[in-house]
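Visitor: Structure below; questions to follow.
The values are calculated or read from the model by the stated rules, or taken from the named source; none is laboratory data. On a predicted model such as this, the values are computed, not experimentally measured, just so you know. Counting neighbours? That spans all protein chains shown, and the Cβs are built from the backbone with ideal geometry, glycine included. To get the accessible areas, we keep the full protein, side chains included, count just its heavy atoms, and leave off ligands, DNA and RNA. Shrake-Rupley method; radii C 1.70, N 1.55, O 1.52, S 1.80 Å.
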Amino acid sequence: MKLKLLVLALLSATTAMAQDFPTKAINITVPNPPGGMNQLHALPLSNALERLTSQPAPVVNRPGAVAAAGTAYVVNQPPDGHSWLVTTANLHLAVEKDKLYGVKTPYSLDQIAFLALMSSDPLIMGAHPALPVKNVKELIALAKARPNELVFASSGPFGVTHTPVAMFMDATKIKMRHLPTTGGGPAITQTLGGHSQITGGGPATMAPYGKSGKLRLLASWGTKPHVAVPDLPTFKSMGIDIEAYLWVGLFTSAAVPEATLAKARDLARRAVNDAEFKRTIGNANVVPDYRDAAAFKKFFDADHQRMASAIKSIGKI
């Protein structure tokens, strides 16, 4: 009888917690330094959550180990649904990179629960304007004539801007040298300064440089034109069968009880569809693309499979 009463009390407490969610601050972890796509989404998300819940929603940057440190922090927080993660494909890229080298990632993908996809913009390839190429066909020809002479900059080995360029090189049978940096912003800075000739990034950062002439935009890794660069061809339209996205999603710990998780997902839906949130990221050339947990997982799994295959093809570097 006592055991039955205890079980009923625990169920009642869990249900009450879910009904009252959130009961305190929702802490938003960005597993990168300040700036970049994750921060671009996290700050207006914080504002939306505070408007919707009247609870604080602080954004804390926890960089390290190519976003793995911040991710591990979130999955190890108390499973009450109040710790959220804003991150990109680095979530699964870190796992695949560590698998390649036989290293244990400080989290596993089954520790992650999906809340919502916020955006899924394609990556854009840009070249320094001094590089004597006007399009992808000319880039391929130049790279084949000068193997391992051209340099491309990325956010780091096997990261979200390195792996897609490696996919491009593998598909076109060219070789370029890799200049790894500490993030997407620094990689673009290296290219703007002429220290590399090629880089990749999202439309939010690449489109303004293309319009100003500081970079020559060559192609998109998407499957259709993007509103920020509507006239830019896709690799697929040129017969190069590669695809990659600088998507940004919301996650929490998979240990969160299902009733609370349902409340968190509903709150994520309302926050990502908040008019001010959509306006803010839209003004930064990011197309809002809310998808619920089930649709996001389907998108994530396809992206993971593409990138995992690319990393196996790249091999150890």
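Visitor: For segment 236-272, enumerate the residues that are over 20 Å from the mean Cα position of the chain (by Cα), of a type outside the set (A, V, I, L, M) and buried (at least 21 other Cβ atoms within 10 Å of the Cβ).
Guide: THR260, the sole residue that qualifies.
Visitor: Kindly evaluate SER120 against the criterion of being among the polar types (S, T, N, Q), touching a helix residue (DSSP H, G or I) at 6+ places or on another chain (Cβ under 8 Å) and touching a residue at least 40 places away in the same chain (Cβ under 8 Å).
Guide: yes
Visitor: Ok, one more. Considering only residues of segment 189-206 that are open to solvent by 10 Å² or more (accessible area, probe 1.4 Å) and modelled with pLDDT of 95 or more, which is nearest to VAL165 (Cα to Cα)? Show your work before the answer.
Guide: Here is the first cut: in segment 189-206, the ones open to solvent by 10 Å² or more (accessible area, probe 1.4 Å) are 189-190, 192-195, 197, 204-205.
With modelled with pLDDT of 95 or more added as a condition, the list becomes 190, 192-195, 197.
Values: GLN190: 16, LEU192: 17, GLY193: 19, GLY194: 18, HIS195: 17, GLN197: 12 Å.
Here the answer is GLN197.
Visitor: Select from segment 61-78 the residues that are open to solvent by 60 Å² or more (accessible area, probe 1.4 Å) and closer than 14 Å to LYS24 by Cβ and list them in ascending order.
Guide: Step one: list which residues in segment 61-78 are open to solvent by 60 Å² or more (accessible area, probe 1.4 Å), which gives 62-63, 65-66, 73, 76, 78.
Residue satisfying the conditions is PRO78 alone.
Visitor: List the strands (runs of 3 or more DSSP E) inside segment 81-182, counting only whole elements, that have at least 2 residues being open to solvent by less than 10 Å² (accessible area, probe 1.4 Å) and modelled with pLDDT of 95 or more.
Guide: 83-87, 112-122, 124-127, 151-154
Visitor: Might you let me know whether segment 214-232 holds any residue that is free of Cβ contacts under 8 Å to residues at least 60 places away in the same chain, outside any helix (DSSP H, G or I), under 22 Å from PRO147 (Cα atoms) and open to solvent by 10 Å² or more (accessible area, probe 1.4 Å)?
Guide: no
Visitor: Mind checking which pairs have a first residue in segment 57-70 that is on the phi > 0 side of the Ramachandran plot and a second that is of a type in the set (Phe, Trp, Tyr) and modelled with pLDDT under 95, Cβ under 8 Å, 6 or more apart or different chains?
Guide: Short answer, once both residue conditions are applied: VAL66/PHE158.
Visitor: For segment 90-114, give me each residue that is in contact with a Leu (Cβ under 8 Å, 6 or more places away or on another chain), under 18 Å from ASN32 (Cβ atoms) and hydrophobic (A, V, I, L, M, F, W, C).
Guide: Within segment 90-114, LEU91, VAL95, ILE112 meet the criteria.
Visitor: Follow-up question, since we're still on this one. From the set of residues in segment 243-255 that are assigned to a loop (DSSP other than H, G, I, E, B) and in contact with a Ser or Thr (Cβ under 9 Å, 6 or more places away or on another chain), which is nearest to ALA67 (Cα to Cα)?
Guide: Pass one, segment 243-255, residues assigned to a loop (DSSP other than H, G, I, E, B): 243-244, 254-255.
Cutting the leftovers down to in contact with a Ser or Thr (Cβ under 9 Å, 6 or more places away or on another chain) gives us 243-244.
Values: GLU243: 22, ALA244: 19 Å.
Once the filter is applied, the top-ranked residue is ALA244.
Visitor: Can you find a residue in segment 7-20 that is modelled with pLDDT of 95 or more, touching a helix residue (DSSP H, G or I) at 6+ places or on another chain (Cβ under 6 Å) and open to solvent by less than 10 Å² (accessible area, probe 1.4 Å)?
Guide: No - not one qualifying residue is present in segment 7-20.
Visitor: For residues that are at pLDDT below 95, in contact with a Leu (Cβ under 9 Å, 6 or more places away or on another chain) and either farther than 18 Å from LYS278 by Cα or surrounded by fewer than 16 Cβ atoms within 10 Å (Cβ to Cβ) (or both), tally how many sit in segment 21-56.
Guide: Selection size over segment 21-56: 1.
Visitor: Can I ask one more? When you go through (1) farther than 20 Å from ILE28 by Cα; (2) surrounded by fewer than 20 Cβ atoms within 10 Å (Cβ to Cβ); (3) in contact with a helix residue (DSSP H, G or I) (Cβ under 6 Å, 6 or more places away or on another chain) one by one for ASP301, which number turns out not to apply?
Guide: Exception for ASP301: condition (3).
Visitor: Another one. Return the residues of segment 274-290 that are part of a loop (DSSP other than H, G, I, E, B) and over 12 Å from ALA228 (Cα atoms); say none if nothing qualifies.
Guide: ASP274
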